[in-house]
Amino acid sequence: MSPHYSVPDRVSAGSSNICPTMADYHRVHAESMAHPDAFWLGITKELVEWETPPTIGLEGGYAGIADEQFTWYEDGRLNATISCLDRHLATRADKTAILWEGDEPGDVRRISYSQLHADVCRFSNALENLGVGSGDRVIIYMGMVPEAAIAMLACARIGAIHSVVFGGFSADSLANRVLDSGSRCIITMDEGLRAGKAIPLKATTDEAVAMVEDELAGQSGAGVETVVVLKRTGGQIDWVEGRDIWWSDACEGQLDSHQAHIVSAEHPLFILYTSGSTGTPKGQVHSHGGYITYTAFTHRTVFDLREDDVFACVADVGWITGHSYIVYGPLANGATTFMFESTPLYPDAGRYWDMVERHKFTIFYTAPTAIRALAAQGDEFVAKYDRSSLRVLGTVGEPINPEAWEWYWHTVGEGRCTIVDTWWQTETGGICISPIAPATPVVGGSATLPLPGIQPRLFSAEGEMLEGEAEGLLCIEHPWPGQTRTIWDDHPRYVETYFSTIDGYYFTGDGCRRDENGYYWITGRVDDVINVSGHRMGTAEFEAVLVEHEAIAEAGVVGFPHDIKGQGVHAFLILAAPSKTGTAGDEDGQGDGTSGYSDELGQALNQLCRRRIGAHARIDRFCVIPGLPKTRSGKVMRRILRKVAEGDPGNLGDISTLAEPAVVEAIVNAEVHG
């Protein structure tokens, strides 16, 4: 194995890494596997501020537990925000906690730890004054502004459970999350800003609340009672008296001090919804004690965090990356964390590197999609800016292809920065497989080795554990503190989704290859989830929306490799009978059902997906077929659709179990649009 950089014998002064060398890594990982309770109790007592320190590590587990229930630190009591705010006031009061840059270059705010503490306390008091209390669910539907982090922390401080909804999601998606969580309060903005465009967040919120009211009509004491609105643009919005209140009005007269509500370690901190293989999003529940422990540990360990670092994670708080590595992890470690409102291509492809020069980022963490998009714009946008402050580069959200990795390494990092290619999920709470900067020798495209406390296992589809060099289903043996505890209000779905595939192990849903050196290479999803630019969307979500259109009788949706987005979306369509729509089949209604596609239909279907799912839900390719490849039991054989979409129709495998094998030839030969 040839590393792309030399591995130092020791890290430089100021590092807080517990694994400064590979010898340390192997020792610590072995200890964490041999004595997990002692390991994680030691980590949490070192990194987290507890009101009542725990004496219990793990209770329960995977094997032999019928419903896969487990807890961490069950006898401990704390509030996660004390670790993120209060304990830093004595030593870091004037240090910048949040460095924010808005949509326009140079629109900058610097919020110190003392100011952030005061702002969170003030909004905590405001929420309590509005009737929000411990255990209540609060939806946060905002753009990337500091107040989004303040809202998250304020909810946590009073024991409420926040659920951040990505600002690109539609009213339908927002309403579904409000209904599932039972939220009575939404925090939003008049409008967001992104690449010079206003995003109508309040208008979308109003539409979603109306949907919720229609769904809950006749039920007393249900529905959204309060909508807190932050003024960002001053754009014109509708207003509902008695329900809507400006953020500034809610905070007026509130004290800038607040006693954090102490909760048990297993008290839910937040719910974050993920797409699944069925159309209903899954509300992943993370706990105060385990989550804050794991995010603080992984943030400090993976990135070789130092006191003077400026940590720039350019994700969105609507996703787990923003939760763990913009808000909770960096703040728990007393770091300066960066929040970014705009996009990497606005006003041009030099935006990231301009910010590196101006803000002196030392650690930069982004998605492979952004790296590929920027690489396609040419090196001159990078070379014109000083990037000498950078020490660690990171990737997140999807596997990075070696070509993009090399560009990141050579062009952005000038061949001198550590690159950490991190694998993890919403469900894991934090990074699980990754190089540790700067100890781990790296190979472009590989997530390398598991972090201490994580033991990956590979299994065949038949459930056989694979040893040595192998490729199979990626599972994890033994719980860890950052893991989700359940799916909100649906624990049986949690058990079925993650623990029914391989008994006694957490199944990640990803495929993985382990090479001859023990390094892990993530090969992508093996379930019905598509990862587009780091946005995970269930194929069933797309299919459910497509069949809403009167022209579509059935749909099969799969992912395919995309040069920029990682995965694109390919929709196989079966058009409705012409007697119903007048659009499908031949004029006599006796055709093969494969004519009738038009660009107008494709545009209408994408508009429907955008409206129902969100702005990020776009179908790249359409293909009209006479029928889906179904088994005799009616199950769609998706591997056939995937192989065709990937341009590999010669490796379809056994099709003898299909009810109509002849349909495969028509699928292979169908015309692709888009």
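Before moving on, here are some points about what is shown:
- Qualifying residue in the range 401-408 (condition: assigned to a loop (DSSP other than H, G, I, E, B) and not assigned by TED's automatic domain parsing to the domain that holds F560): yes
- The lone criterion from (1) farther than 27 Å from I400 by Cβ; (2) crowded, with 18+ Cβ neighbours inside 10 Å; (3) not aromatic (F, W, Y) left unmet by G509 is number (1).
- If you go through the range 18-70 and keep only what is among the β-branched types (V, I, T) and under 22 Å from A332 (Cβ atoms), you end up with I18, V28, I43, T44, V48, T52, T55, I56.
- Close pairs (8 angstrom Cβ cut-off, 6 or more residues apart or separate chains): assigned by TED's automatic domain parsing to the domain that holds G538 in the range 608-628, part of a strand (DSSP E or B) and among the small types (G, A, S) anywhere: I619/A571; D620/G568; R621/G568; R621/A571; F622/A571; C623/A571; L628/G556
- Only strands (runs of 3 or more DSSP E) whose full extent lies in the range 194-267 are considered here, and the ones with at least 1 residues that are closer than 18 Å to S170 by Cβ are 197-199, 226-230.
- Considering only residues in the range 485-496 that are surrounded by 20 or more Cβ atoms within 10 Å (Cβ to Cβ) and not in a strand (DSSP E or B), the one that is modelled with the lowest pLDDT turns out to be Y494.
- Test for G397: is it within 28 Å of W488 (Cβ to Cβ), modelled with pLDDT under 95, part of a loop (DSSP other than H, G, I, E, B) and assigned by TED's automatic domain parsing to the domain that holds G511: yes
- Test: M355 is at pLDDT 95 or above, of a type in the set (A, V, I, L, M) and not in a helix (DSSP H, G or I): no
- Of the residues D304, D348, D316, D308, the single one that is in contact with a strand residue (DSSP E or B) (Cβ under 7 Å, 6 or more places away or on another chain) and either in a loop (DSSP other than H, G, I, E, B) or modelled with pLDDT under 95 (or both) is D304.
Here is a yes/no grid of residues against (1) without any contact (Cβ under 8 Å) to a residue 40 or more places away in the chain; (2) crowded, with 24+ Cβ neighbours inside 10 Å; (3) basic (K, R):
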{"position": "R306", "(1), (2), (3)": "no, no, yes"}
{"position": "C313", "(1), (2), (3)": "no, yes, no"}
{"position": "I320", "(1), (2), (3)": "no, yes, no"}
{"position": "S324", "(1), (2), (3)": "no, yes, no"}
{"position": "P330", "(1), (2), (3)": "yes, yes, no"}
{"position": "T337", "(1), (2), (3)": "no, yes, no"}
{"position": "F340", "(1), (2), (3)": "no, no, no"}
{"position": "P344", "(1), (2), (3)": "yes, no, no"}
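- Scanning the range 482-495 turns up no residue that is aliphatic (A, V, I, L, M), under 20 Å from N176 (Cα atoms) and outside the structural domain of T448 (by TED's automatic domain parsing).
- The residues of the range 441-451 that are under 14 Å from A23 (Cα atoms) and surrounded by 24 or more Cβ atoms within 10 Å (Cβ to Cβ) amount to a single one, L451.
- Residue satisfying condition, being surrounded by 24 or more Cβ atoms within 10 Å (Cβ to Cβ) and out of contact with any Lys or Arg (no Cβ under 6 Å at 6 or more places or on another chain), within set H261, H288, H267: H288
- Test: residue in the range 151-169 that is in the same structural domain as W488 (by TED's automatic domain parsing) and free of Cβ contacts under 8 Å to residues at least 12 places away in the same chain: no
- Of the strands (runs of 3 or more DSSP E) contained entirely in the range 21-133, not one carries at least 2 residues that are among the acidic types (D, E).
For every residue, the table says whether it meets (1) surrounded by fewer than 16 Cβ atoms within 10 Å (Cβ to Cβ); (2) modelled with pLDDT of 85 or more; (3) out of contact with any Gly (no Cβ under 9 Å at 6 or more places or on another chain).
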position	(1), (2), (3)
G593	no, no, no
S598	yes, yes, yes
G602	no, yes, no
C623	no, yes, no
G634	yes, no, yes
L641	no, yes, no
A645	no, yes, no
A659	yes, no, no
N669	yes, yes, yes
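- G234 being over 21 Å from N129 (Cβ atoms) and not assigned by TED's automatic domain parsing to the domain that holds H616: yes
- Flag: R92 matches the condition of being closer than 28 Å to V356 by Cα and of a type in the set (K, R).
- From the options E516, E548, residue that is in contact (Cβ under 8 Å) with a residue 12 or more places away in the chain, surrounded by fewer than 17 Cβ atoms within 10 Å (Cβ to Cβ) and farther than 25 Å from V636 by Cβ: E516
- Answer from V532, V547, V569 - the residue that is of a type in the set (V, I, T) and farther than 25 Å from W424 by Cα: V547
- The selection criterion, being in contact with a helix residue (DSSP H, G or I) (Cβ under 8 Å, 6 or more places away or on another chain), within 21 Å of V644 (Cα to Cα) and assigned by TED's automatic domain parsing to the domain that holds S598, does not hold for A540.
- Residue in the range 83-100 that is over 25 Å from M152 (Cβ atoms) and hydroxyl-bearing (S, T, Y) present: no
- Count - residues of the range 438-456 that are more than 22 Å from the chain's Cα centre (by Cα) and among the hydrophobic types (A, V, I, L, M, F, W, C): 3
The values are calculated or read from the model by the stated rules, or taken from the named source; none is laboratory data. Fair warning: this is a prediction, and the values are worked out from it, not measured in the lab. Here the Cβ is made from the backbone with ideal geometry for all residues, glycine too, and neighbour counts use every protein chain on show.
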